[in-house]
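Below is one structure; the comments refer to it alone.
The values are calculated or read from the model by the stated rules, or taken from the named source; none is laboratory data. Computed from a prediction, not measured in an experiment: that's the story for all the values here. Virtual Cβ from ideal backbone geometry, glycine too; neighbours counted across all protein chains shown.
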């Protein structure tokens, strides 16, 4: 349950709905429970497709973009966990963790104070430039799909039996406009990344 300090900054579900619309993203599902609202998205990178991401709003605490990075880890080896810890060092603005069901998760958290200021600045559904809420949310979502792209080969052994990815050369990202809008602002993730289809025939290390 979110806190109810009336003087605290807040973001409303309508703000998030407006930002998603601004980004050209249509949730596949919305849920409301105990003051928390969530939206389920399916996003594509340039190599990793069909990444399920849940945007979770606690109106007084944070907006969290939470990706289901891979199925539950079942190898029972510490090396998978060491891999997640290493990635946390490599990508400091995102956090890898393991859920209760052993599923690897990837999250980016946006402080509610920053978003509340952006919501006020955006006002009447308009955009206020690089500081608005849609911008912050779009950058967070692009960071997630970019990291999933960057780690595509490392994660193949978790995603497919034997680490053999299906041929996806015919696919193009459903959210190409999102990538076009924000990828250049994340050069540490997108620059020098493998091109679509490149190295996909290489078996990922377990």
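Observations, loosely collected:
- When residue 124 is tested against (1) modelled with pLDDT under 85; (2) closer than 19 Å to residue 13 by Cβ; (3) in a helix (DSSP H, G or I), exactly one condition is not met: (3).
- For the condition modelled with pLDDT of 95 or more, under 15 Å from the mean Cα position of the chain (by Cα), surrounded by fewer than 19 Cβ atoms within 10 Å (Cβ to Cβ) and closer than 30 Å to residue 167 by Cβ, residue 44 does not qualify.
- Pick from the range 172-193, criterion in a loop (DSSP other than H, G, I, E, B) and surrounded by fewer than 15 Cβ atoms within 10 Å (Cβ to Cβ), ranking: modelled with the lowest pLDDT: 192
Each row is one residue, and each column tells you yes or no for (1) out of contact with any strand residue (DSSP E or B) (no Cβ under 8 Å at 6 or more places or on another chain); (2) surrounded by 16 or more Cβ atoms within 10 Å (Cβ to Cβ); (3) modelled with pLDDT under 80; (4) closer than 19 Å to residue 182 by Cα.
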| residue | (1), (2), (3), (4) |
| --- | --- |
| 103 | no, no, no, no |
| 111 | no, no, no, no |
| 131 | yes, no, yes, yes |
| 138 | yes, yes, no, yes |
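- Taken together, 119, 165, 204, 155 contain a single residue that is modelled with pLDDT under 95, more than 19 Å from the chain's Cα centre (by Cα), surrounded by 15 or more Cβ atoms within 10 Å (Cβ to Cβ) and assigned to a helix (DSSP H, G or I), which is 119.
- Lone qualifier among 36, 73, 56 - being surrounded by 15 or more Cβ atoms within 10 Å (Cβ to Cβ), modelled with pLDDT of 95 or more and over 14 Å from the mean Cα position of the chain (by Cα): 36
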